[in-house]
């Protein structure tokens, strides 16, 4: 899976750490500043689900369309 996360540098650092606790992160970019006068940055993450996780059929009912 590929993610693009936008936020402050602190938010990106915290989000990257949380993703690493849940997913197998294969690669994460350095933060890139957003264009213009924005104070936000973006981070690109490539990750996999960890092995041994439940499939949607095995997961508890999440409501309509599995969400």
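Only the coordinates and a few stated rules stand behind these numbers; no lab work does. This structure is a prediction, so every number in the text was calculated from the model and none was measured. Positions of Cβ are generated from backbone atoms using ideal geometry, with glycine treated the same way; all protein chains shown enter the neighbour counts.
When the gyration tensor of the range 2-51 is built from Cα positions, what are the square roots of 5 times its three eigenvalues, in whole Å, from largest to smallest?
Semi-axis lengths for the range 2-51 are 22, 10, 6 Å.
Which whole-number percent gives the relative contact order of the range 2-51, counting Cα pairs below 8 Å spaced six or more residues apart?
Answer for the range 2-51 is 48 percent.
Taking the number of other C-beta atoms within 10 Å as the exposure measure, put 46, 10, 37 in order starting with the fewest.
Neighbour counts put them in this order, fewest first: 37, 10, 46.
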